[in-house]
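The values are calculated or read from the model by the stated rules, or taken from the named source; none is laboratory data. These figures come from a predicted structure and were not determined experimentally. Backbone-built Cβ (ideal geometry, glycine too); neighbour counts: all protein chains shown.
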Amino acid sequence: MELLRKLTERGLIYQMTAEEKLSELLDGPSLSFYIGFDATAGSLHLGHLVPLMIARHLQNEGHKPIIIVGGGTALVGDPSCRSVERSFESKETVSAWVDSISAQMEHFLDFKSQENRALLLDNYSWLSKMNYLDFLRDVGRHFSVNRMLSAESVKLRLETGISFLEFSYSLLQAFDFLHLYRSHNCVLQVGGSDQWGNIVAGIDLIRRSEGAETWGFTCPLVTTVSGEKMSKSQTGGAIWLDPSMTTPYDYYQFWINIDDKDAVYFLKLYTFIPMNEIEELSLLEGAEIRRVKERLAFETTALTHGREEAFKAEKASRALFAGNGDQEDVPSLEIPVKRLRNGISCLDLFVETGLCPSRSEVRRLAKQGGLYIGDDRVNDPVDNLDPENTSESILLRAGKKRYYKVIFR
């Protein structure tokens with residue numbers, strides 16, 4: 001039970017089917033497993049990172065990952081953990097999202113090795129070719145409506161309403177597993193804890209259709225000590241893996257600013273640092289805990305954005321933490337100096353840089369004394385900056401640790 005034990009020790013396992021057999025498989029010869037990510041935005045976010053870490057662990061042990069970027073299932077929408085139906089996106093939009101998400105996968109998995117290289121697929125390529133009558137006869141007949149109604153993702157929506165479109169989602173995901181079993185001998189599906197019902201549905205469909213045994217396990221929904229989902233930032237927005245949506249510096253800052261109590265737990269989940277080294281880091285106390293968080297921030301940023309970007313973010317973060325004013329690698333925004341002369345307010349700047357998600361959030365932080373330009377507190381964010389007394393480059397700060405540089409050209 002070596003590999004399963006390692007995954008469990010790092011907190012990566014939540015539920016599983018047939019533990020003893022699954023452990024035997026994971027410690028045996030190379031097997032094909034799959035993880036799916038629906039293309040519901042132009043980037044994956046932090047909530048998707050744990051399944052990707054599992055995929056990397058399994059690939060490192062010789063198993064073959066099949067990554068499904070769901071261009072087909074994204075057109076239907078997974079009702080899991082949602083109180084309302086997703087917005088209806090065009091095929092063109094979803095296709096563009098598939099492309100951008102697919103490009104991100106190369107940071108996490110090996111797609112070039114000869115023996116167990118990862119495979120990247122879009123389920124639109126087979127779901128779009130399905131005949132509806134054949135689907136009902138070949139797949140639908142194996143599903144009990146009574147059982148589907150008992151699924152948590154459906155039960156939670158019965159009061160507010162669920163469309164037939166979303167109700168059918170679990171059949172499509174189950175068929176994905178069947179398709180991959182037939183075409184790639186895929187025998188294992190991995191997903192988030194909210195996917196347990198869909199995974200079990202796929203296992204059951206394969207058993208009924210092929211008379212074969214397959215397996216599945218889920219990873220936990222990760223929350224901070226405060227109960228906040230790990231996909232969210234301090235200001236309520238998602239932490240994206242795409243650097244154009246969340247800069248490497250902001251990504252690094254998210255990790256450096258987590259609660260001290262979360263640091264060791266997240267080292268286990270989000271890095272490949274050996275457990276014996278993590279145990280040593282867990283002994284640090286007081287001010288030394290920042291060393292743990294710096295290690296976490298560097299390793300996670302290097303994994304997602306590369307070591308060069310991680311070094312830049314680390315350098316900028318340490319400089320600002322030390323208060324020496326080195327702003328070279330702090331995220332920056334260039335604004336025409338003409339706008340400064342015509343009148344630009346702090347409200348505008350804090351929203352445009354993304355330090356605050358809304359103008360109301362700027363006002364709230366100002367009332368709490370949490371907005372700064374350089375060392376000066378911003379009391380009234382509605383006031384325009386004084387063109388005569390504003391330097392070419394200014395440093396904005398929201399809260400204690402979130403910075404952005406504005407350059408007037």
The range 178-203: number of residues that are outside any helix (DSSP H, G or I) and either at pLDDT below 95 or farther than 18 Å from Lys64 by Cβ (or both): 1
Residues (surrounded by fewer than 10 Cβ atoms within 10 Å (Cβ to Cβ) and in contact with a Leu (Cβ under 9 Å, 6 or more places away or on another chain)) located in the range 143-165: Leu158
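Residue-by-condition table, conditions (1) crowded, with 18+ Cβ neighbours inside 10 Å; (2) at positive phi; (3) touching a Lys or Arg at 6+ places or on another chain (Cβ under 8 Å):
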position	(1), (2), (3)
Arg364	no, no, no
Arg377	no, no, no
Pro381	yes, no, yes
Asn389	no, no, no
Ser393	no, no, yes
Whichever residue in the range 340-350 is touching a residue at least 12 places away in the same chain (Cβ under 8 Å) and in a helix (DSSP H, G or I) and, among such residues, is nearest to Ser317 (Cα to Cα): Phe350
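Can you say whether Phe311 is more than 21 Å from Leu269 (Cβ to Cβ) and either modelled with pLDDT under 90 or of a type outside the set (Lys, Arg) (or both), as far as the supplied structure shows? Steps first, please.
On the way: more than 21 Å from Leu269 (Cβ to Cβ): yes; either modelled with pLDDT under 90 or of a type outside the set (Lys, Arg) (or both): yes.
Here the answer is yes, as Phe311 does meet what is asked.
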Qualifying residue in the range 313-331 (condition: assigned to a helix (DSSP H, G or I), within 29 Å of Pro51 (Cα to Cα), of a type in the set (D, E, K, R) and under 28 Å from the mean Cα position of the chain (by Cα)): yes
Test: residue in the range 259-267 that is surrounded by 19 or more Cβ atoms within 10 Å (Cβ to Cβ), out of contact with any strand residue (DSSP E or B) (no Cβ under 7 Å at 6 or more places or on another chain) and under 17 Å from Thr304 (Cβ atoms): yes
Selected residue [touching a Gly at 6+ places or on another chain (Cβ under 8 Å) and farther than 23 Å from Gln59 by Cα] from Leu171, Leu188, Leu158: Leu171
Filter pass, Ala18 being within 14 Å of the chain's Cα centre (by Cα), modelled with pLDDT under 95 and of a type in the set (Gly, Ala, Ser): no
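Suppose we filter Val154, Val69, Val139, Val145 for residues that are under 23 Å from the mean Cα position of the chain (by Cα) and assigned by TED's automatic domain parsing to the domain that holds Ser30; which single one remains? Spell out the reasoning first.
On the way: Val154 fails: under 23 Å from the mean Cα position of the chain (by Cα); Val139 fails: under 23 Å from the mean Cα position of the chain (by Cα); Val145 fails: under 23 Å from the mean Cα position of the chain (by Cα).
When all the criteria are applied, what remains is Val69.
Is there a residue in the range 181-191 that is more than 16 Å from Leu121 (Cβ to Cβ) and either surrounded by 14 or more Cβ atoms within 10 Å (Cβ to Cβ) or not aromatic (Phe, Trp, Tyr) (or both)?
If we filter the range 181-191 for residues that are more than 16 Å from Leu121 (Cβ to Cβ), which is where we start, we get 187.
Those still in the list that are either surrounded by 14 or more Cβ atoms within 10 Å (Cβ to Cβ) or not aromatic (Phe, Trp, Tyr) (or both) too: 187.
Yes: the range 181-191 contains one or more residues that are more than 16 Å from Leu121 (Cβ to Cβ) and either surrounded by 14 or more Cβ atoms within 10 Å (Cβ to Cβ) or not aromatic (Phe, Trp, Tyr) (or both).
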Output for the range 351-369, where each listed residue is under 25 Å from the mean Cα position of the chain (by Cα) and either closer than 17 Å to Thr246 by Cα or without any contact (Cβ under 8 Å) to a residue 60 or more places away in the chain (or both): Val351, Glu352, Thr353, Gly354, Leu355, Cys356, Pro357, Ser358
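For the range 209-223: of the residues being more than 21 Å from the chain's Cα centre (by Cα) and either at pLDDT below 95 or not in a strand (DSSP E or B) (or both), which is surrounded by the fewest Cβ atoms within 10 Å (Cβ to Cβ)? Can you show your working first?
Pass one, the range 209-223, residues more than 21 Å from the chain's Cα centre (by Cα): 209-215.
Then keep just the ones that are either at pLDDT below 95 or not in a strand (DSSP E or B) (or both); that gives 209-214.
Numbers: Ser209: 17, Glu210: 12, Gly211: 7, Ala212: 14, Glu213: 12, Thr214: 23.
The selected residue is Gly211.
Please find, among Glu85, Glu61, Glu92, the residue that is of a type in the set (D, E, K, R), within 30 Å of Gln114 (Cβ to Cβ) and surrounded by fewer than 16 Cβ atoms within 10 Å (Cβ to Cβ).
Details: Glu85 fails: within 30 Å of Gln114 (Cβ to Cβ); Glu92 fails: within 30 Å of Gln114 (Cβ to Cβ).
Step by step, each of Glu85, Glu61, Glu92 is checked, and only Glu61 is of a type in the set (D, E, K, R), within 30 Å of Gln114 (Cβ to Cβ) and surrounded by fewer than 16 Cβ atoms within 10 Å (Cβ to Cβ).
Just one of Ile67, Ile13 is touching a Leu at 6+ places or on another chain (Cβ under 7 Å), in a loop (DSSP other than H, G, I, E, B) and at pLDDT 95 or above; which is it? Break it down stepwise before answering.
Details: Ile67 fails: in a loop (DSSP other than H, G, I, E, B).
Selected residue: Ile13, the only one of Ile67, Ile13 that is touching a Leu at 6+ places or on another chain (Cβ under 7 Å), in a loop (DSSP other than H, G, I, E, B) and at pLDDT 95 or above.
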